[in-house]
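Data block below; observations after.
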Amino acid sequence: MNKQIEDIARKDGRYSPSALNFVFEGLNFTVGELARQRGHVSGQMLCEGLRQLALKKWGRLAALVLAHWGIKTTRDFGQIVFLMVEHALMSAQPTDSIDDFNNVYDFETVFKKQFRF
């Protein structure tokens, strides 16, 4: 894990370093899987990429893993993104907002109710 990510997470205190690492990994996943031709990844698109990556990695346990790290809503993804933007690990467009991450989807629905074996 990136030492800088660990330091940022520990200093901030809201999320596990693993949570920040997952969001950082999820950005790369999203760019590769969903945003090849668009260039810029919106908050909603990143949330979708993170959903797909979480399901790929942990299946039905995705919500439990994320909650263990302090992530319970898509807004938490945004909080992590803007924390990393603040520390120059990610970038944002002037039109990007933390509100882009509000209620993109409900964790209970996408990680449990809609999960298919």
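Bear in mind these aren't lab numbers, they're just calculated from the coordinates by the rules spelled out. Note that the structure is predicted; figures quoted are calculated from it, not measured. Cβ: placed from backbone, ideal geometry, glycine included. Neighbour counts: every protein chain shown.
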Contacts under 6 angstrom Cβ, first residue in region 83-110 being farther than 29 Å from Lys3 by Cβ, partner surrounded by fewer than 17 Cβ atoms within 10 Å (Cβ to Cβ) and of a type outside the set (Phe, Trp, Tyr), 6 or more apart: Val104/Gln44
Can you tell me which residue in region 63-110 is farthest from Arg14 (Cα to Cα), limited to those that are touching a Cys at 6+ places or on another chain (Cβ under 7 Å) and not in a loop (DSSP other than H, G, I, E, B)? Phe101
Among the residues of region 42-62 satisfying the criterion of being in contact (Cβ under 8 Å) with a residue 12 or more places away in the chain, of a type in the set (A, V, I, L, M) and surrounded by fewer than 21 Cβ atoms within 10 Å (Cβ to Cβ), which is farthest from Ile8 (Cα to Cα)? Leu55
So which helices (runs of 4 or more DSSP H) are wholly in region 1-62 and hold at least 1 residues that are more than 20 Å from Ile98 (Cβ to Cβ), polar (S, T, N, Q) and under 12 Å from the mean Cα position of the chain (by Cα)? 17-33, 43-58
